[in-house]
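Notes for the one structure printed next.
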């Protein structure tokens, strides 16, 4: 499962970049762009009009604004183009798109041509390391997203270091998301290690979300393990939610087991809600099974009926009609 709709964002850096900037021959003012070889199966990100990505009405990306969205569908690209805007030698905006995506800027764009992926990744990593440690990052991060799309071991290793060892919570969360999005099974493996090993529950929860976006085979088993073993109740709740969202095989039985053996009442309640997040037909079947399960508490069964009432499934509607008929016959 991949996220289809990603807001375009800017990265703001407050200090000058000295590391490797000369190698890229970057300007002190205005826009510069360069092209790199993309990681395998890199999404062919470009802009579209409106808010419905299914319309696929691709539009020219306006570099100087943030109010456009990016969408790739199932399309992939072999080349990515990075766009950076400079003011007095400092980066104040950074974006990346598929190399063939049309763009427009309010000023001229200096084209640096093709650049080695490692050289570009080294420069992007320097950007991210120079960002201040105080406060939270801005919404999203253009540099991390761009770094994730670069082919090669260097970009992967930098993403891994950001995800595992960076002192900034938001940076670790951002890195683990892009690892899962861009690096296939390898990225899922690194994401999973962060999900089990990070000291902060916010990062573990975010890693569970990120892992659920992956197509890797480990998604289901790892989220089940997290739901059964994490020491924090809210992390366990999120594990069941994202397991259901992923639609992984075995989700129903794992979540149903948690409804019985989980010691925390709130987590048990969230597990019932998680059943409502399964794909439609599976959700209705699982909730009906919970509603009919006499080993569950009355409150749990009522919650299952409640979430069934929010379903558009024909099976759910038929079951609720049956329940009403039973009540009328009493």
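The values are calculated or read from the model by the stated rules, or taken from the named source; none is laboratory data. Keep in mind it's a predicted model, so treat the numbers as computed, not measured. Here the Cβ positions follow ideal geometry from the backbone for every residue, glycine too, while neighbour counts run over all protein chains shown.
Within the stretch 244-276, the residues that satisfy the criterion of being assigned to a loop (DSSP other than H, G, I, E, B) and either without any contact (Cβ under 8 Å) to a residue 24 or more places away in the chain or surrounded by fewer than 19 Cβ atoms within 10 Å (Cβ to Cβ) (or both) are 247, 249, 250, 263, 264. Quick check: anything in the stretch 121-137 assigned to a loop (DSSP other than H, G, I, E, B), modelled with pLDDT under 95 and closer than 16 Å to residue 178 by Cα? Yes, because at least one residue in the stretch 121-137 is assigned to a loop (DSSP other than H, G, I, E, B), modelled with pLDDT under 95 and closer than 16 Å to residue 178 by Cα. Among the residues of this structure, residue 84 does not count as one that is more than 17 Å from residue 191 (Cα to Cα) and within 23 Å of the chain's Cα centre (by Cα). In the stretch 48-75, of all residues being modelled with pLDDT under 80, in a loop (DSSP other than H, G, I, E, B) and out of contact with any helix residue (DSSP H, G or I) (no Cβ under 8 Å at 6 or more places or on another chain), the one that is surrounded by the most Cβ atoms within 10 Å (Cβ to Cβ) corresponds to 72. Considering the conditions (1) surrounded by 12 or more Cβ atoms within 10 Å (Cβ to Cβ); (2) within 18 Å of residue 85 (Cβ to Cβ); (3) at pLDDT below 90; (4) touching a strand residue (DSSP E or B) at 6+ places or on another chain (Cβ under 9 Å), residue 33 is excluded by exactly one of them, (3).
Residues in the stretch 210-224 that are in a helix (DSSP H, G or I) and surrounded by fewer than 21 Cβ atoms within 10 Å (Cβ to Cβ): 220, 221.
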